[in-house]
């Protein structure tokens, strides 16, 4: 870790939509463009992962991690009723305004993962003048079809493996109706655990506890209170927001953009199924667009193929900064 050489290393709470929300800003030069990470879930912050694995990006960007409303450092004091899609979009736009104002920029770059791609895509559509460029990985396209395909994949894999216990779980949960499991949180988690078991989340078939929980528990970036806020916030955000955020189809609702729009997709992703991506990409109109496949990744190519991911990220976003065609 090279904390001592950072000219910017600032963890703070910023009031967004009336709720103090935690961000961490790292950078080596104030002249660098701002890269805002939008984490997934909703309710699964990635500040700990950025601090541990991705601060090499500060050579070229001022990196910003944000615990979204209702989780991590932004959990305590959050009214569950405020956990709506519209509020999260508003929070994000307000945060961008704050970053531009305090860091002396006109626009920021967005890097969204999973649910963060939905949030980022809506922000690109609603506030295009604030976004210089967008990259989404684990890109969401159509919530209802997403869950139907993800469930079908898990069921097929369990059948092929003769996984009696897994099949019992899936049949008890049942196929999602309108993108929703019953009950919403417990059913979704049961399906996602089996999805991880069969390689649809990471190619390493890493379990939820090892892949998600342990890195959070062991992170020095997060205080005890923030870890508690993550544990409580994950369930809260998913239960409150899932019925709304699953009802979208970007092929119809968001396919025209005024900034460069890029998708970095794991070929083996069955969480946000890779089979949905090509049709959406083909429908997109943007000043520049690209679809880059990561053949050895599933839902998280930033973590599974980090060198390739960050190489392409730098190429795309720094070319925009230089005003060059990509």
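The values are calculated or read from the model by the stated rules, or taken from the named source; none is laboratory data. As the structure is a computational prediction, the values presented were derived from the model and not from experiment. Neighbour counts are summed over all protein chains in view; Cβ atoms, including those assigned to glycine, are modelled from backbone coordinates with ideal geometry.
Things to note:
- Residue 274 vs. criteria free of Cβ contacts under 8 Å to residues at least 40 places away in the same chain and under 15 Å from residue 149 (Cβ atoms): yes
- Considered as a group, the residues in the range 47-86 that are part of a helix (DSSP H, G or I) and out of contact with any strand residue (DSSP E or B) (no Cβ under 9 Å at 6 or more places or on another chain) include one that is nearest to residue 237 (Cα to Cα), and that residue is 80.
- Among the residues of the range 115-142, those that are buried (at least 24 other Cβ atoms within 10 Å of the Cβ) and part of a loop (DSSP other than H, G, I, E, B) comprise 138, 139, 140, 141.
- Filtered residue count, the range 169-178, keeping only those that are under 15 Å from residue 153 (Cα atoms), surrounded by fewer than 19 Cβ atoms within 10 Å (Cβ to Cβ) and either modelled with pLDDT of 95 or more or touching a helix residue (DSSP H, G or I) at 6+ places or on another chain (Cβ under 8 Å) (or both): 3
- Scan of the range 292-323 for residues that are farther than 17 Å from residue 110 by Cβ and part of a strand (DSSP E or B), ordered by number: 293, 294
- Residues in the range 150-168 that are surrounded by 17 or more Cβ atoms within 10 Å (Cβ to Cβ) and in a helix (DSSP H, G or I) were compared, and the one that is nearest to the chain's Cα centre (by Cα) is 150.
- Check on residue 111, outside any helix (DSSP H, G or I), under 29 Å from residue 220 (Cβ atoms) and in contact with a strand residue (DSSP E or B) (Cβ under 7 Å, 6 or more places away or on another chain): yes
- Taking the range 217-226 as the range and being out of contact with any strand residue (DSSP E or B) (no Cβ under 9 Å at 6 or more places or on another chain), in a helix (DSSP H, G or I) and either in contact (Cβ under 8 Å) with a residue 12 or more places away in the chain or within 20 Å of residue 115 (Cβ to Cβ) (or both) as the test, only 225 passes.
- Which listed residue, of 53, 10, is on the phi < 0 side of the Ramachandran plot and either buried (at least 22 other Cβ atoms within 10 Å of the Cβ) or free of Cβ contacts under 8 Å to residues at least 24 places away in the same chain (or both): 10
- The lone exception for residue 103 - which of (1) more than 14 Å from the chain's Cα centre (by Cα); (2) within 30 Å of residue 307 (Cα to Cα); (3) surrounded by 22 or more Cβ atoms within 10 Å (Cβ to Cβ) it fails: (3)
- Scanning the range 221-254 for residues that are surrounded by fewer than 18 Cβ atoms within 10 Å (Cβ to Cβ) and closer than 30 Å to residue 282 by Cβ yields a total of 7.
- Test for residue 260: is it surrounded by 14 or more Cβ atoms within 10 Å (Cβ to Cβ) and in contact with a strand residue (DSSP E or B) (Cβ under 9 Å, 6 or more places away or on another chain): yes
- Filter result for residue 93 (buried (at least 23 other Cβ atoms within 10 Å of the Cβ) and either more than 21 Å from residue 290 (Cα to Cα) or touching a helix residue (DSSP H, G or I) at 6+ places or on another chain (Cβ under 8 Å) (or both)): no
- Among residues of the range 178-208, those that are assigned to a helix (DSSP H, G or I), in contact (Cβ under 8 Å) with a residue 24 or more places away in the chain and over 15 Å from residue 272 (Cα atoms), counted: 3
- Qualifying residues in the range 29-41 (those that are farther than 25 Å from residue 140 by Cβ and at pLDDT below 95) - the one surrounded by the fewest Cβ atoms within 10 Å (Cβ to Cβ): 31
- Checking residue 175 against (1) in contact (Cβ under 8 Å) with a residue 40 or more places away in the chain; (2) part of a loop (DSSP other than H, G, I, E, B), the condition it does not meet: (1)
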